[in-house]
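So the structure is just underneath, and the comments pick up after that.
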Amino acid sequence: MKKLLAGCAVAVSLISGASAVETMSSAPAESWTVTNYYKQAVYDPKESKIGDIDDVLVDNAGKVTGLVIGVGGFLGAGEKNVIVPYSAVKKTKKDDKWWLTLNETKDDLKSARGFKYDKASTTWVPDTK
């Protein structure tokens, strides 16, 4: 009987010692989901498509710091990935649709430094091409 009571006491202490997951009661104000950026088209000020967002970069604090944009190429072949600061991409609403705009041209980005994704380090590294 003592072993049963001792076992129950251990089980209760293990269960009560588990921490509860903290959740939010509502979504943070003024927040956007990553899907509003990821795989979305980016346009220059003249509304010409520059490229598509291929990745969203987040720092250790959870702050979005940069966006990887694929430019050039055809159907993904010959595409170059460049990284722009998150703050450089603006959200614009036109005809009831959100547009992502960048104050650069496709040619500006084609001449910028390229990056490639390194699976071993799970990060974007400068492309040596």
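Scan the stretch 37-66 and report the pairs whose first residue is closer than 17 Å to Phe115 by Cβ and whose second residue is basic (Lys, Arg) and surrounded by fewer than 15 Cβ atoms within 10 Å (Cβ to Cβ), with Cβ atoms within less than 9 Å and a gap of 6+ or a chain change.
What qualifies is Val42/Lys49; Asp52/Lys39; Ile53/Lys39; Asp54/Lys39.
Might you let me know whether the stretch 115-124 holds any residue that is more than 18 Å from the chain's Cα centre (by Cα) and at pLDDT 95 or above?
Looking through the stretch 115-124, at least one residue is more than 18 Å from the chain's Cα centre (by Cα) and at pLDDT 95 or above.
Please identify the pairs in which a residue from the stretch 113-129 that is surrounded by 12 or more Cβ atoms within 10 Å (Cβ to Cβ) has its Cβ atom under 7 Å from the Cβ atom of a residue that is of a type in the set (Ser, Thr, Tyr), counting only partners at least 6 apart or on another chain.
Trp124/Tyr117
Which fully enclosed strands (runs of 3 or more DSSP E) of the stretch 45-128 have 3 or more residues being within 30 Å of Pro28 (Cα to Cα) and not small (Gly, Ala, Ser)?
Details: elements: 49-58, 64-71, 80-85, 89-94, 97-102, 115-118, 123-126.
Filter on the stretch 45-128 gives 49-58, 64-71, 80-85, 89-94, 97-102.
Quick one: how many residues across the stretch 72-105 are farther than 18 Å from Tyr37 by Cα and more than 20 Å from the chain's Cα centre (by Cα)?
8
Identify the residue in the stretch 73-99 that is polar (S, T, N, Q) and surrounded by 11 or more Cβ atoms within 10 Å (Cβ to Cβ) and, among all such residues, is farthest from Asp127 (Cα to Cα).
Thr92
Give me the residue from the stretch 58-72 that is under 20 Å from Ala41 (Cα atoms) and of a type outside the set (Gly, Ala, Ser) and, out of that set, surrounded by the most Cβ atoms within 10 Å (Cβ to Cβ).
Step one: list which residues in the stretch 58-72 are under 20 Å from Ala41 (Cα atoms), which gives 58, 64-72.
Add one more test, that the residue is of a type outside the set (Gly, Ala, Ser), and what stays is 58, 64-65, 67-69, 71.
Details: Val58: 13, Val64: 16, Thr65: 13, Leu67: 24, Val68: 19, Ile69: 27, Val71: 23.
Among those that are under 20 Å from Ala41 (Cα atoms) and of a type outside the set (Gly, Ala, Ser), it is Ile69.
The values are calculated or read from the model by the stated rules, or taken from the named source; none is laboratory data. In this text the structure is predicted, and so the values were computed from the model without any measurement. Every residue, glycine among them, receives a Cβ derived from its backbone with ideal geometry; neighbour counts consider all protein chains shown.
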